[in-house]
Amino acid sequence: MNVIELKRALKQLRLGGVADVLETRLQQAQAEPMAPIDLISCLVSDELTRRGDRLLERRRKAAGFRNLHTLDSFDFNFNKKMNRSIVFDLATGNFVARHEDALFLGPPGTGKSHLSQAIGMAVIQQGYRVLYRETHTLLSDIAEATLDGTRKQLMELLSTIPLLIIDDLGMRKLPPTAAEDLLEIVMRRYEPAHCSPPTDRLKTGASYSAIRQPSLQCSIDFCITATS
């Protein structure tokens, strides 16, 4: 089997990462030279890296971010009251594992949407699935799902996604069913039914507050940005 045939076989086996770098790695093995086990290790590592990158890209697209913001592009200097340590702690994704919630509160233009999406991007890097929706878009999705008979599937997704980010709450006039729809999402994310949403707030600054309720092992994390 020559290199062309080998690459074709690798792609049939869905080892595209190996196929893409095969010739380069073979040249490297001849130039260095490399032991067979080292060559195989490099090829396996290349495949794992490719699969990891593709998984992250799929999750970023599935999240539906409005902008691909990162913390690197956020200007902390414009808001001196911002608690940077808490922001970066959220970016580690530990609050997701602890089943804690986060609320970003403040007037328009204070960076709430930027931070929520940047944290969402960082949480994806930690291996979690994330879903981002503006409030009006989320409610529109629910209304459409109700009409086409897919509401149950959508609500299941909204209640099980590890991190749900609902942005721009209060920025637009909402339909009459908004309160009921949002309450259903919250209650589903705090199943079983006897669990109550947390009420203890930890004040941490002008534009961020964290809601913590570690005892709710059944809950999944919920991140909202809203106007105050």
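Every number here is computed from the coordinates shown, using simple stated rules; none is lab data. In this text, all values refer to a predicted model and were calculated from it rather than measured experimentally. Neighbour counts are summed over all protein chains in view; Cβ atoms, including those assigned to glycine, are modelled from backbone coordinates with ideal geometry.
Of note:
- Under 25 Å from LYS81, Cα to Cα: lysines that are on another chain or at least 8 residues apart: LYS112, LYS203
- In order along region 112-126, the phi-based Karplus estimate (6.51 cos²θ - 1.76 cosθ + 1.60, θ = phi - 60°) of 3J(HN,Hα) comes to 5, 5, 4, 5, 5, 6, 5, 5, x, 4, 5, 5, 4, 4, 7 Hz; Gly and Pro are listed as x.
- Prolate/oblate/rounded label for region 1-157 (Cα gyration tensor, a/c 1.5): oblate
- Karplus-derived 3J(HN,Hα), 6.51/-1.76/1.60, for each residue of region 28-41, Hz, glycine and proline x: 4, 5, 7, 7, 7, x, 10, 5, x, 5, 5, 5, 4, 4
- In terms of its C-alpha gyration tensor, region 134-181 comes out oblate, because a/c is 1.5 or above while a/b does not outweigh b/c.
- Within a straight-line Cα-Cα reach of under 26 Å, LYS152 can be paired with the following lysines, leaving aside sequence neighbours fewer than 8 residues apart in one chain: LYS61, LYS173.
- A Förster radius of 45 Å, combined with the Cβ-Cβ distance separating PHE76 from GLN153, puts the computed FRET efficiency at roughly 0.70.
- Net charge over other residues, Cβ less than 14 angstrom from the Cβ of ASP20 (K, R count +1; D, E count -1): +4
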